[in-house]
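The structure under discussion appears below in the form of structure tokens.
The values are calculated or read from the model by the stated rules, or taken from the named source; none is laboratory data. As the structure is a computational prediction, the values presented were derived from the model and not from experiment. Virtual Cβ from ideal backbone geometry, glycine too; neighbours counted across all protein chains shown. Just so you know, the surface numbers come from the protein's heavy atoms only, side chains and all, with ligands and any DNA or RNA stripped out. Shrake-Rupley method; radii C 1.70, N 1.55, O 1.52, S 1.80 Å.
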Amino acid sequence: MRTMRARFSLTLAATAGLALLATGMASPGRGQNAPPPEASEIPESTPLNHLQVLGTHNSYALGVDPRVAAMLDARLPPASKMLALLPPDQRREIAIAHPNDVRFSEALNYRHPSLTRQLELGVRAVELDVHSDPRGGAYADPAAYRLLRSQGIDDLLPFDRAALATPGLKVLHLPDVDVRSSCPTFRQCLAELKRWSDAHPRHIPIFVLVEAKVQSLPILPGASSSPPFTRTDYDEIDRVIAEVIGRDRLVTPDDVRGAHATLEEAVLAGNWPTLGQARGKFLFQLITATGHDGAAAYLEGHPGLKGRLAFLDSQPGQPHAAFILDDNALARGAEIRSAVAKGYMVRTRTDIDTYEAKVNDRTRADAAFATNAQIVSTDFEQSGNGYGTPYVVQLPGSAVARQVTSTH
């Protein structure tokens, strides 16, 4: 009897051991052999708004064909002359966002590796420009390519025409001109981010800026007729995020608001989740190129962003205020520092329209990091820019995140 009990105990122990082993194998990132979490030197209790990460601007961009860029330079004046044609108020606003006098070809003189490679380099914030395309094919025959083909140029840099022909949100920069994208559909981009996240389950939260292209710029003859960006498209943004990433892998406005009356009230009360609570998750932030209220339709039926999956570019005093886009750290450094100190999240940039890489000037980059803005984006996360200068941007300390102190 004693022998049978002993055998039974051994069998039970062996079965339990195998079960534990199987559990460990099925759960990457857990168990005794699990790799340490990213930025393990930062306390897990650190609120997300006390982190700073490196981001990229137009993270999908593969670069425009040089012959397309040359054609644009021949047809369009430099930025300063284009600004002079605008009304004074609009001119001042655009001059802050785009302060450098560059030609069109210079503004487009950047390219990024795949999203996966950017994440491997330590980037933890990406930016995706989304265009409405409910029927598919709206951007599959760019006017610049048609014009150059008519001149006998048939070896232009390729783009994924098949992906652009499918219905659904597209990810590219400028229709007809700059359509080369490493992930031409919104779903493709998110799927790539999700695959990397699944393989690195203890990563710093990834910030995804989604720029809704609500305004078309027909700058060439025969330009594409871009579908209008409607509430249906905003709903599609949320639907694709939920389907690809999953609600349980998100930090949303509802999560931050909690029991507070408004999202802004929660933000000012410091109700952001901690690093420990947000590891392995994503934060989506919706922006436009038409000002803080350019995507106001995203609020329709969702006052204060209730039920929405993305935060929205905003201004202090708005009920949904939590995230602010403020790209010019040289002109607005004091405003950015003040917003961060109050609890808002801010995105700013280290270089604008590639000018800083062209002249190898780190003044804007140093100013951007010094503001303590949580997301600091660049077009030059790796060496080898189109100007041949040594300009490259990394997070100070070369980590994937650093802890910043937000004080008034």
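General remarks:
- Summarising the strand pairing of the chain, around 20 percent of its internal DSSP beta bridges are antiparallel.
- The local environment of LEU128, defined by Cβ-Cβ distances under 12 Å, has a net charge of -1 under the rule Lys, Arg +1 and Asp, Glu -1.
- Cα gyration tensor, segment 65-120 - rounded (a/c under 1.5), prolate or oblate: oblate
- Approximating the spin labels as points 7 Å out from Cα along Cα→Cβ, the ALA70-to-ARG111 distance works out to 1.6 nm.
- DSSP H segments from the chain that extend 27 Å or more along their own axis, Cα-based, with Kyte-Doolittle mean of -0.5 or above: 2-26
- Cα shape, the chain, gyration tensor, a/c 1.5 rule: prolate
- Rolling a 1.4 Å probe across the protein heavy atoms gives the chain an accessible surface of 44 Å² per residue.
- Sorting the segments 274-286, 148-160, 39-51 by their mean number of nearby beta carbons within 10 angstrom, highest to lowest, gives 274-286, 39-51, 148-160.
- Three-way shape call for segment 66-174 based on the alpha-carbon gyration tensor, with the a/c threshold at 1.5: oblate
- Theoretical FRET efficiency, 1/(1+(r/R0)^6), r = Cβ-Cβ of TYR387 and LEU330, R0 22 Å, to 0.05: 0.65
- Two-site FRET efficiency, ASN360 against ALA162, from Cβ-Cβ distance with R₀ of 41 Å, rounded to 0.05: 0.55
- J(HN,Hα) series, segment 310-318, from Karplus relation 6.51 cos²θ - 1.76 cosθ + 1.60, nearest Hz, glycine and proline x: 10, 6, 10, 3, 8, 10, x, x, 8
- Remark: segment 289-303, residue by residue, has Karplus-estimated 3J(HN,Hα) of 9, 10, x, 4, 9, x, 10, 4, 5, 5, 7, 4, x, 9, x Hz, where x stands for each Gly or Pro and the curve is 6.51 cos²θ - 1.76 cosθ + 1.60 at θ = phi - 60°.
- Segment 140-292 - percent of accessible surface contributed by carbon and sulfur, probe 1.4 Å: 51 percent
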